[in-house]
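Below you'll find the structure, written out as structure tokens, and then a few comments.
Where a number appears in this text, it was derived from the coordinates with a stated rule and is not lab data. As the structure is a computational prediction, the values presented were derived from the model and not from experiment. Here the Cβ is made from the backbone with ideal geometry for all residues, glycine too, and neighbour counts use every protein chain on show.
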Amino acid sequence: MQSPTIISLGGSIVVPDGIDIAFISAFRTLIQERMKLGESFIVIVGGGKVCRRYQASATELGVTDKDQLDWVGIFATRLNAELVRVAFGDIAHSELVLDPAVLSKVTAPLVIGAGWKPGHSTDFGAILMAESSGAKRIINLSNIDYVYDKDPRKFPDAKKIECATWKEFRDLLPEPSAWVPGLNAPFDPVAAKRGSELSLEIAIMNGNNLEHLKNYFEGKPFTGTVIR
């Protein structure tokens, strides 16, 4: 697989409340169109609300071990990812790829992955996949239009950021040491640290409107934030 595009697909896009069949179908169509142009992809699917609900339930049931809570979330990502994988049929690799070291043995032009092991978010998984595959860019599809300088849900004067350096972006995130399983942030700060070291390009956009992704692929103006 030569320099694929990595997509970190937020679980709350795939399963906002119920499973979003319309989104999965439209996403499949767009990726298939790009594959006909010779492009290859690694799609890492997150857990989203499903992950957080299961982790919250585990906590209510008395689970306090961080690794156990992380495993609960990891299996939520794998369930979401397996649904996406089977939706693509034979064009996707025949099983989920969780360990980046496996990529060297994969020949399919489309790989679907999910959570790998405790301590790694799916954002970090996307970074590891980029490092292993030689990918230069990661697209993060979430439920936000832009990265903002502060939480726009709490601060009406929050300013959108269309382009940022890695340093500027990392200054907006919690310290990597503050990362905990299930934390809701624009991008995992541990992943951001590694992405900065690798000089990757990250495009963050709202996956609910796939026109943004289509425009990005075509080099047209799009709604979202680019970090480089």
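Histogrammed with a bin width of 10 Å, the alpha carbon distances of the chain distribute as 8, 34, 39, 16, 2, 0 percent, first bin at zero. As a calculated quantity, the FRET efficiency between Lys220 and Phe75 at R0 = 30 Å, using C-beta atoms, amounts to about 0.20.
What FRET efficiency comes out for Glu95 versus Asp171 if R0 is 35 angstrom and r is the Cβ-Cβ distance? Round to the nearest 0.05. Calculated value: 0.35. Of the cross-linked pairs Lys160/Lys220; Lys49/Lys159; Lys36/Lys136; Lys66/Lys167; Lys49/Lys154; Lys36/Lys214, those separated by over 22 Å at the C-alpha level are Lys49/Lys159; Lys66/Lys167.
Projected area of the range 65-173, taken from the Cα convex hull and averaged over every viewing direction, in nm²? Don't jump to the answer; show the numbers that get you there.
Details: hull surface 35.6 nm².
It is 8.9 nm².
Between Val63 and Ala87, the simple spin-label model (points 7 angstrom out along Cα→Cβ) gives 2.5 nm.
Per residue, the average separation of C-alpha pairs within less than 8 Å and at least 6 apart gives the range 5-227 a relative contact order of 23 percent.
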